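Visitor: Please see the structure below; I have some questions.
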Amino acid sequence: MSETTTNRSSTHVRWLIVAMLMGFTFLGHFNRLSISVAGGQFIKSGEISTQRMGWVYTAFLVIYTSCMLPGGWLIDRVGPRVALAAMGLGLGFCVVLTGALGWTGLSIAIFWIPLILIRGVAGGLSVPLHPAAARTVSQWVPLVSRATANGLVTAGALIGVALTFPAFGGLMDLVGWPLAFVICGAVMMVFAIVWYFLSTDDLGSHPWANSAEKNLLSGQAPPSLRNKFDLNDFLGLFRNRMLVLLTLSYAALSYFQYLFFYWIAFYFEKELNLPENASRSATFTVTIAMAGGMAMGGVITDALCQRLGRRWGSRLMAMFGMSLSAVFAWWGAGVKDPSQVVWLFSIALGSLGLVEGIFWTAAPLLNPRNGGLSGAFLNTVGNAGGLIAPILTPWIGKHYNWPTSIAVACLICGVGAVFWLWIDLDPTSPKRATDEATSPLNGLGMPTLIEP
């Protein structure tokens, strides 16, 4: 039964859940990046070196990435409702502890080690955010609207990123950095408690949803929780050829994305000679453009899938968005007028945002038995690809030039788009049921390219 045929009489609890997931991604990324705002202030005041502050940032990312797969397995065991509630409470508490360090009266140089430890724990506790959100969407939203829901959820993250510097910076100016951390952490903890009491692990068990809304998921029974450890759950990730290709494509997208996240402000300020305020404004514009692309991309993808079928609707959208992003970024790298560069980079990041929801829809769809684990796999490989960009980009810029750095990212993004020729999201496709035993690479963890 399609959503459009029952939408008039059904309740809309599923969209309340999606809105709360947007709140989680907004608060999660806002609280993750708030340390960067405070860190910039610490560095400018001479209280801590750039290198030491870099270790604080790295501690979060290293633990976050290394814990991703175990965290994904845990999501499938306890359910996304509990996983997200624990994530919100844990991350919020770590943010509160960060602020509490400022009330000890010790210098930042002295509590540097405790700060690293707190940020490392925060990274581990943040693992469930995106995989659990994607699994929740797969259990709450009909397939015909799933890309829309995932696009909105990921847009919440980018809005959080874009608002962190102006909002958290303003709060620090108003109440001081220790209290600013305590307030933001406490808000996330309260939100996690509200989530726990208002949500369930699937649409069918929520008391507020009427039968018409529950019927939207008829024939889409949620997968059961995985109560026992099974090594095959992890090995199966590498035997799932389409899932491997999906993660490689996402790694390419993440490389392109992380270049902009980490170096775009530097590029505006140092290469285009924009004043600091103008550089911040340009960075905000580009980031918000990506958030807008994420929100629109899901809607467009679902419309294309209804018209062209899920295989070609999702495939064409992913290839179009990633290719268009590469073209406009390449164009922008060759332009010197700052206003034109901002517009071209905004179109590039907006185009990239169009496809974000597709990836998070695809991961649990390609492995519904372990939806949380497959989302974690996507995020692990994606982060691994993304973490290369902050290191490789300045190296290329130093030995060649910054437009070359951007051109390399565009080429990588284009290669990632090509992988979608072998990714099929049609649940009825016989290719999705291909027996792994027939593959000559079976058990080696290598993808086999299937004819599209």
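The values are calculated or read from the model by the stated rules, or taken from the named source; none is laboratory data. The structure displayed is predicted, hence computed values, not measured ones. Glycine also receives a Cβ, built like all others from the backbone with ideal geometry; neighbour counts cover every protein chain displayed. With ligands, DNA and RNA removed, areas are computed over all heavy atoms of the protein, side chains included. Shrake-Rupley method; radii C 1.70, N 1.55, O 1.52, S 1.80 Å.
Visitor: Please find, within region 83-107, the residue that is nearest to Gly185 (Cα to Cα) out of those that are at pLDDT below 95, open to solvent by 10 Å² or more (accessible area, probe 1.4 Å) and small (Gly, Ala, Ser).
Guide: Checking each candidate, the answer is Ala100.
Visitor: Which ones in region 296-316 are open to solvent by 30 Å² or more (accessible area, probe 1.4 Å) and of a type in the set (A, V, I, L, M, F, W, C)?
Guide: Scanning region 296-316 gives Met296, Val299, Ile300, Ala303, Leu304, Leu308, Trp312, Leu316.
Visitor: State whether the residues of region 359-380 include one that is farther than 16 Å from Leu143 by Cα, free of Cβ contacts under 8 Å to residues at least 40 places away in the same chain and open to solvent by 10 Å² or more (accessible area, probe 1.4 Å).
Guide: No; the residues of region 359-380 include none that is farther than 16 Å from Leu143 by Cα, free of Cβ contacts under 8 Å to residues at least 40 places away in the same chain and open to solvent by 10 Å² or more (accessible area, probe 1.4 Å).
Visitor: Regarding region 223-231, can at least one residue be identified that is in a helix (DSSP H, G or I) and either buried (at least 19 other Cβ atoms within 10 Å of the Cβ) or modelled with pLDDT under 90 (or both)?
Guide: yes
Visitor: Hey, another quick one. Output the number of residues of region 32-57 satisfying the condition of being assigned to a helix (DSSP H, G or I) and open to solvent by less than 60 Å² (accessible area, probe 1.4 Å).
Guide: So the count comes out to 14.
Visitor: Shifting gears a bit: Can we say Phe165 is closer than 18 Å to Arg14 by Cβ, assigned to a helix (DSSP H, G or I) and open to solvent by 50 Å² or more (accessible area, probe 1.4 Å)?
Guide: No: the conditions fail for Phe165.
Visitor: Could you run through region 145-162 and say how many residues are open to solvent by 20 Å² or more (accessible area, probe 1.4 Å) and either outside any helix (DSSP H, G or I) or at pLDDT below 90 (or both)?
Guide: So the count comes out to 1.
Visitor: Which one of these does Asp173 not meet: (1) open to solvent by 10 Å² or more (accessible area, probe 1.4 Å); (2) closer than 22 Å to Trp103 by Cβ; (3) touching a Leu at 6+ places or on another chain (Cβ under 7 Å)?
Guide: (3)
Visitor: Let me ask you something else. What tally of residues in region 274-303 results from selecting those that are in contact with a helix residue (DSSP H, G or I) (Cβ under 7 Å, 6 or more places away or on another chain), among the aliphatic types (A, V, I, L, M) and under 13 Å from Gly151 (Cα atoms)?
Guide: 6
Visitor: Examine region 198-208 for a residue that is at pLDDT 85 or above and touching a Pro at 6+ places or on another chain (Cβ under 7 Å), and state whether such a residue exists.
Guide: Checked region 198-208: at least one residue is at pLDDT 85 or above and touching a Pro at 6+ places or on another chain (Cβ under 7 Å).
Visitor: Any idea how many residues of region 141-161 are of a type outside the set (Val, Ile, Thr) and more than 17 Å from Leu354 (Cα to Cα)?
Guide: Total meeting the criteria: 3.
Visitor: Same structure, new question: Tell me, please, whether a residue that is within 21 Å of Ile423 (Cβ to Cβ), open to solvent by 10 Å² or more (accessible area, probe 1.4 Å) and touching a residue at least 60 places away in the same chain (Cβ under 8 Å) can be found in region 343-354.
Guide: Yes - at least one qualifying residue is present in region 343-354.
Visitor: A further question follows. Could you check region 305-400 for helices (runs of 4 or more DSSP H) lying wholly inside it with 2 or more residues that are over 21 Å from the mean Cα position of the chain (by Cα) and within 25 Å of Val244 (Cβ to Cβ)?
Guide: By residue number, 310-333.
Visitor: While we're on this one: Could we say that Ile113 is under 22 Å from Val62 (Cβ atoms), among the hydrophobic types (A, V, I, L, M, F, W, C), out of contact with any Gly (no Cβ under 9 Å at 6 or more places or on another chain) and without any contact (Cβ under 8 Å) to a residue 24 or more places away in the chain here?
Guide: It is true that Ile113 is under 22 Å from Val62 (Cβ atoms), among the hydrophobic types (A, V, I, L, M, F, W, C), out of contact with any Gly (no Cβ under 9 Å at 6 or more places or on another chain) and without any contact (Cβ under 8 Å) to a residue 24 or more places away in the chain.
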